[in-house]
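Worksheet for the structure shown next.
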Amino acid sequence: MIRISVDELSDTIINELNTFSQEVSEGLEKAKSNIAREGAKELRNTSPKKTGEYAKGWTTAKQGSAVVICNQNKPSLTHLLENGHAKRNGGRTSPQVHIYPVEQSAIKKYEKEVERVIRG
């Protein structure tokens, strides 16, 4: 058992809280990067592959403190494929939902990882 004086108690508590906060921050940064990479890999496998260029374009990028998944090769196609679009001579194309399931999976993984990191 460690004995400390009352005067040292506040400093000890502050030091322990700072250590815990830093460990949680580092763990969450790793979790963000890993889950985003996994999501990009999953999108490369599940995306429509008419020519293959769109599916190969999925990657991760850091925007501020966030890590996002984006398509470098054909960024304008993501919305059109996911939601469908109007055809030139009338009618609509059917949506090819491939982003939403990966997004939901990444959210669930991140929530579990946050709990794991905070619990230690």
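Just so you know, all these numbers are worked out from the coordinates, no wet-lab data involved. All figures in this text were calculated on a predicted structure; none of them were measured in a lab. Virtual Cβ from ideal backbone geometry, glycine too; neighbours counted across all protein chains shown.
Each residue in region 42-78 was checked for being of a type in the set (K, R), out of contact with any strand residue (DSSP E or B) (no Cβ under 8 Å at 6 or more places or on another chain) and surrounded by 15 or more Cβ atoms within 10 Å (Cβ to Cβ), and 2 of them qualify.
Per-residue answers, yes or no, for (1) aliphatic (A, V, I, L, M); (2) out of contact with any Cys (no Cβ under 9 Å at 6 or more places or on another chain):
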position	(1), (2)
E16	no, yes
E23	no, yes
R37	no, yes
T60	no, no
N71	no, yes
R92	no, yes
I99	yes, yes
E115	no, yes
I118	yes, yes
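Based on this model, can you work out whether S21 counts as over 22 Å from P95 (Cα atoms) and among the polar types (S, T, N, Q)? Yes, satisfied.
Can you name the residue in region 25-48 that is of a type in the set (S, T, N, Q) and in a helix (DSSP H, G or I) and, of all such residues, is nearest to T60 (Cα to Cα)? It would help to see each step written out before you state the result.
Let us first name the residues in region 25-48 that are of a type in the set (S, T, N, Q), namely 25, 33-34, 45-47.
With in a helix (DSSP H, G or I) added as a condition, the list becomes 25, 33-34, 45-46.
Numbers: S25: 20, S33: 8, N34: 10, N45: 15, T46: 16 Å.
By that ranking, first place goes to S33.
Whenever a residue of region 52-63 is on the phi < 0 side of the Ramachandran plot and of a type in the set (D, E), it has no partner that is part of a strand (DSSP E or B) and exposed (fewer than 15 other Cβ atoms within 10 Å of the Cβ) lying with C-beta atoms less than 9 angstrom away and at least six residues away or across chains. If only residues of region 1-41 that are among the small types (G, A, S) and closer than 27 Å to S65 by Cα are counted, the one that is surrounded by the most Cβ atoms within 10 Å (Cβ to Cβ) is G39. Whether any residue in region 88-107 is closer than 30 Å to F20 by Cβ, loosely packed, with under 15 Cβ neighbours inside 10 Å and among the basic types (K, R) is what I want to check. Checking region 88-107: not a single residue is closer than 30 Å to F20 by Cβ, loosely packed, with under 15 Cβ neighbours inside 10 Å and among the basic types (K, R).
Could you check region 108-120 and list, in sequence order, the residues that are farther than 18 Å from K41 by Cα and surrounded by 10 or more Cβ atoms within 10 Å (Cβ to Cβ)? E111, K112, E113, V114, R116, V117, I118 - these are the residues of region 108-120 that are farther than 18 Å from K41 by Cα and surrounded by 10 or more Cβ atoms within 10 Å (Cβ to Cβ).
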